[in-house]
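Notes to accompany the following structure.
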Amino acid sequence: MTRLAAAFAKGHPALVAFVTAGDGPTAAILDALVEGGADVIELGMPFTDPMADGPAIQAANIRSLAAGTRTADILAIAKSFRARHPETPLVLMGYANPMTIRGGDWFANAAHDAGVDGVICVDIPPEEDPELGPALREKGIAPIRLATPTTDAARLPTVLDGANGFLYYVSVAGITGLQQAAQTSIDEAVKRLKAHTDLPVAVGFGVRTPDQAAAIAKVADGVVVGSAIVELVAQHGAAAPDAVRTYIQSLSAAIHAAREGVPA
């Protein structure tokens, strides 16, 4: 069983936590995520034009790039994380240019060497899978696909073809962090997606509070939280790990409690 598969087979929905590489004391923040109860870590690769991200993650990208973060640094962070946390899945999330500028094979090899389990590339649509997908699969790295409220029945098979790890449901048609979808629409979307795939379905975009996380956890296989964590990093700086750990503990407790007494 892969690390990602194991993370979604713990008997409770997985808490998927995002942080931007190079923004603040990243290694300590990653440790705090694990210590707080995150089941899967998404490590954001800073990019100059993060088109899917809202103000919080855009600002984190700017801070990271201003600090000189490069792809080699991100891979080094990933490799160090893997040495400290051999069982926790690590997913790189970012945009096509840093991943493909030296070729998909180069990136897949480097990610594999760093112990990466999955990759989310926001701006390579499934129709352009040959850009990166085959190289990732060759190295046993899951190409994780995104579905949105506008992914209709005609396109969903294309999104799922070649996908692995989990399906990330972007619950709002917009950018990260600014709004959350109505729970009824999330319930309906998860039910529809799960009828078409055996992959775990994780829901993200706009999740901030333990109550929101718990509501999603009642129907989904995973809950993705990003902007709220990134905002803590911006607010607390060098002291961010303690704040992040406490926040993640509150989300993890809510997610675990959400499924108590709920039939699997």
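The values are calculated or read from the model by the stated rules, or taken from the named source; none is laboratory data. All values derive from a computational prediction rather than experimental measurement. Note that we place each Cβ from the backbone using ideal geometry, even for glycine, and neighbour counts take in every protein chain shown. The accessibility values were calculated without ligands, DNA or RNA, using every heavy atom of the protein model including side chains. Shrake-Rupley method; radii C 1.70, N 1.55, O 1.52, S 1.80 Å.
Take the conditions (1) crowded, with 20+ Cβ neighbours inside 10 Å; (2) β-branched (Val, Ile, Thr); (3) out of contact with any Gly (no Cβ under 8 Å at 6 or more places or on another chain); THR209 misses just one of them, which is (1). Scanning the stretch 1-37 for residues that are open to solvent by 10 Å² or more (accessible area, probe 1.4 Å), of a type in the set (A, V, I, L, M, F, W, C), within 17 Å of HIS256 (Cα to Cα) and touching a strand residue (DSSP E or B) at 6+ places or on another chain (Cβ under 8 Å) turns up PHE8, VAL34. Residue-level check: of (1) open to solvent by 10 Å² or more (accessible area, probe 1.4 Å); (2) modelled with pLDDT under 95; (3) more than 28 Å from ALA78 (Cβ to Cβ); (4) not aromatic (Phe, Trp, Tyr), PRO157 misses just (2).
Could we say that MET51 is in contact (Cβ under 8 Å) with a residue 24 or more places away in the chain, among the aliphatic types (A, V, I, L, M) and open to solvent by less than 20 Å² (accessible area, probe 1.4 Å) here? For MET51, the condition - in contact (Cβ under 8 Å) with a residue 24 or more places away in the chain, among the aliphatic types (A, V, I, L, M) and open to solvent by less than 20 Å² (accessible area, probe 1.4 Å) - is not met.
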